Each structure stands twice: as C-alpha cells, then as structure tokens.
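The values are calculated or read from the model by the stated rules, or taken from the named source; none is laboratory data. The structure displayed is predicted, hence computed values, not measured ones. All Cβ positions, even for glycine, are placed from backbone atoms using ideal geometry, and neighbour counts span all protein chains on display. Please note that ligands, DNA and RNA were not included when accessible areas were found on the heavy atoms of the full protein model with its side chains. Shrake-Rupley method; radii C 1.70, N 1.55, O 1.52, S 1.80 Å.
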Amino acid sequence: MLKSKDRLRFREVKNVFEKGKHRTASLFSFIFLAPADRTAFAVTVSKKNAKKAVDRNKIRRRIYSALSGIKKYETKAHIVFVPKKEIIKTSFEDIQKEI
C-alpha cells in the first residue's frame with residue numbers, strides 16, 4: 001500500500017478529472033495533471049468494471065502495491081488510474097510491467 005503522502009485526496013482527484021489529460025494503456029487508462037507540487041496517485045474502479053466490492057478492492061490493492069514498488073518518479077504529477085475490465089484476470093506481474 002502507498003503511504004498517505006503518495007495518495008491523492010478527494011478534492012485533488014476531482015481536480016485531476018476536471019483539468020487533467022487522458023492517456024490509455026492496455027490494462028487501464030489514466031488521467032494526469034502536471035506539473036504538481038508532489039507525485040501522488042489514486043485508483044478509481046467503477047462498478048461497471050467489477051460488480052463486487054471484493055473485486056474492486058482487490059484491483060485497487062494490486063495497483064497500489066505495484067505503485068509502491070516504484071522508488072523514483074521522473075516528474076511531479078497527480079495521476080489517477082482507471083482500470084479496464086481485463087485487469088481482473090491479469091496477474092500481478094503483468095500489472096507491474098504495465099505500470
């Protein structure tokens with residue numbers, strides 16, 4: 001799990017959704033806002049992608065765990081990850097590679 005200083009607060013996530021730029025990858029899309037005061041992340045999993053709360057939390061924990069393995073960030077930005085449906089069947093190693 002990421003430290004609280006590396007996670008975005010609700011108002012910061014809202015700001016990223018309003019003003020950020022969208023990019024897509026094979027397992028998730030992400031929205032980022034740069035430059036920022038620090039590098040911080042958030043993960044949002046919709047009910048459309050995972051019906052059960054257990055599955056949504058599992059996806060969220062996997063992504064946060066993969067992000068915690070990254071030691072150095074190149075730029076300071078606020079980043080929100082939005083996983084796609086395929087991520088449920090994907091292994092943790094593949095998620096780490098994608099990030």
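Does any residue of segment 65-81 turn out to be more than 18 Å from ARG7 (Cα to Cα) and either among the hydrophobic types (A, V, I, L, M, F, W, C) or at pLDDT 90 or above (or both)?
If we filter segment 65-81 for residues that are more than 18 Å from ARG7 (Cα to Cα), which is where we start, we get none.
No, there is no match, as no residue in segment 65-81 is more than 18 Å from ARG7 (Cα to Cα) and either among the hydrophobic types (A, V, I, L, M, F, W, C) or at pLDDT 90 or above (or both).
Going by the conditions given, is ILE31 within 18 Å of PHE10 (Cβ to Cβ) and within 15 Å of the chain's Cα centre (by Cα)?
The answer is yes for ILE31.
A Cβ distance below 6 Å, combined with a sequence gap of six or more or placement on separate chains, defines the contacts here; from segment 31-49, residues that are free of Cβ contacts under 8 Å to residues at least 60 places away in the same chain and among the polar types (S, T, N, Q) reach residues that are open to solvent by 20 Å² or more (accessible area, probe 1.4 Å) and part of a loop (DSSP other than H, G, I, E, B) in the pairs THR39/TYR73; THR39/LYS76. In segment 1-16, the residue that is nearest to ARG38 (Cα to Cα) out of those that are more than 13 Å from the chain's Cα centre (by Cα) and of a type outside the set (D, E, K, R) is SER4.
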